[in-house]
Structures are given as structure tokens and as C-alpha cells.
1. Can you tell me which residue in the stretch 33-64 is modelled with the lowest pLDDT, limited to those that are touching a Lys or Arg at 6+ places or on another chain (Cβ under 7 Å) and not in a loop (DSSP other than H, G, I, E, B)?
2. Examine the stretch 157-167 for a residue that is at pLDDT 95 or above, hydrophobic (A, V, I, L, M, F, W, C) and buried (at least 18 other Cβ atoms within 10 Å of the Cβ), and state whether such a residue exists.
3. Going through the stretch 72-108 one residue at a time, which ones are modelled with pLDDT of 95 or more and of a type in the set (D, E, K, R)?
4. Tell me whether the stretch 37-44 contains one or more residues that are surrounded by 13 or more Cβ atoms within 10 Å (Cβ to Cβ), of a type in the set (A, V, I, L, M), assigned by TED's automatic domain parsing to the domain that holds Ala165 and within 15 Å of Val169 (Cα to Cα).
5. Find the helices (runs of 4 or more DSSP H) located wholly in the stretch 93-170 whose residues include 1 or more that are farther than 21 Å from Val63 by Cβ and among the acidic types (Asp, Glu), and list them.
6. Being among the acidic types (Asp, Glu), surrounded by fewer than 16 Cβ atoms within 10 Å (Cβ to Cβ) and over 13 Å from Phe118 (Cα atoms) is the filter here; which residues of the stretch 45-96 pass it?
Amino acid sequence: MERKGNRFVRLLAASTFILMLLACVAPALAGEYTALTGVKGLDSVFDVSLGSPAKASVIFPAVKDVYENKEVRALPAPPRTVIVFHGPAVKLISSARKGVDKEDLMALDKVAEMIRQFKKDGVKMEVCMYAVKVMGVDPATLMPEIDRVGNGFISVLAYQAQGYAVVTVP
């Protein structure tokens, strides 16, 4: 009988040890983003109306980090990323630079380089031609990396209807 008791104590001790080990290791296995638990893939559409070149040069690297993040990349489905430009943001993607101060010129160059990299990375980008007209931007000055759509709101809504999460960048 004492032998059975010793076996039970050893089994209980081993089980307790394993549970404690799992409790310590599980958070590390889950990673930094527990919100990704159970997520199959991360599809996002960034709804960009931001008109500040300086702010865009800070925010766009964060957008890049979303689809390059190792935990997002580890999901079963690869991330799909879309950026839709409308409102004052259409000026960010224009080569027209008349009247732009030197500091904004440097930021616009940085933004243009990021947009070219987004395209190389497979990010789909669209510009709202309604906004282009309202903002007085010459369509011929728009970056060729960006597809043109009549109304950017329709694109954002359509991506949302397809299950994309919308991130608003005002």
C-alpha cells in the first residue's frame, strides 16, 4: 500500500511541476500580442486622410511594422494590407511641391520612398479621385504605385465587408 502511495505522490509532484512549468512558459509561447490568439490572419485597411507629411513619415513605418511583425507573419494566413488615401492625404502622394517648405519637402521625399517600398512589399494602395478633384491635385502628379478609384469610401467599406479591419488615420 505504501508503494502505491509513493507512486501517487510522485505522480502528483510531477503533474504539479509540469503545470507550473506550463504556467511559466505559456505566456512566452503566446507572445507579446495575446489578442492574436485564435486569429487565422490579419487583413487590414488603413483609411488615411492625414495631410501632414511629418506625421505620415512617423505613422507609415508603424503601418509597415503591422505586416512585417514576426507574430503577425507567424499566423496561418499571411497578412493582407491595403492603404486608401483620401482627403488631404492625396497631397502626400503628389509630385507637385510648389509652395511646400523645406522641412515638409524632406518629409514628402521620405513618404514617397515608403510608398514605393509598400508597393514592393505587396501592399495594395488606392487613391480617392473624388478627393483628388476636391483638393485641387492634378491627377498627372499622383504616384504611379497607387491605383485610382472613384470614391475611397466605397473601397474602405468594400474591404470591411470582406472582413478587413479598418484602421483610421485622421
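1. This residue is Ser57.
2. Going residue by residue through the stretch 157-167, those that are at pLDDT 95 or above are 157-167.
So of that shortlist, the ones also hydrophobic (A, V, I, L, M, F, W, C) come out as 157-158, 161, 165-167.
In the following step, the residues that additionally are buried (at least 18 other Cβ atoms within 10 Å of the Cβ) were identified as none.
Scanning the stretch 157-167 turns up no residue that is at pLDDT 95 or above, hydrophobic (A, V, I, L, M, F, W, C) and buried (at least 18 other Cβ atoms within 10 Å of the Cβ).
3. Scanning the stretch 72-108 gives Arg73, Arg80, Lys91.
4. Our first condition is that a residue be surrounded by 13 or more Cβ atoms within 10 Å (Cβ to Cβ); within the stretch 37-44, this holds for 39, 42-44.
After this cut, where a residue has to be of a type in the set (A, V, I, L, M) as well, the list is 39, 42.
Adding the requirement that they be assigned by TED's automatic domain parsing to the domain that holds Ala165 leaves 39, 42.
From what is left, the residues that are within 15 Å of Val169 (Cα to Cα) are none.
The answer is no, given that none of the residues of the stretch 37-44 is surrounded by 13 or more Cβ atoms within 10 Å (Cβ to Cβ), of a type in the set (A, V, I, L, M), assigned by TED's automatic domain parsing to the domain that holds Ala165 and within 15 Å of Val169 (Cα to Cα).
5. Numbers: elements: 102-120, 129-134, 152-161.
Ranges flagged: 102-120.
6. Step one: list which residues in the stretch 45-96 are among the acidic types (Asp, Glu), which gives 47, 65, 68, 71.
Now drop any that are not surrounded by fewer than 16 Cβ atoms within 10 Å (Cβ to Cβ), which leaves 65, 68, 71.
Residue satisfying the conditions is Glu71 alone.
The values are calculated or read from the model by the stated rules, or taken from the named source; none is laboratory data. Computed from a predicted model, the values in this text were never measured in an experiment. Every residue, glycine as well, gets a Cβ built from its backbone with ideal geometry; the counts of neighbours run over all protein chains shown.
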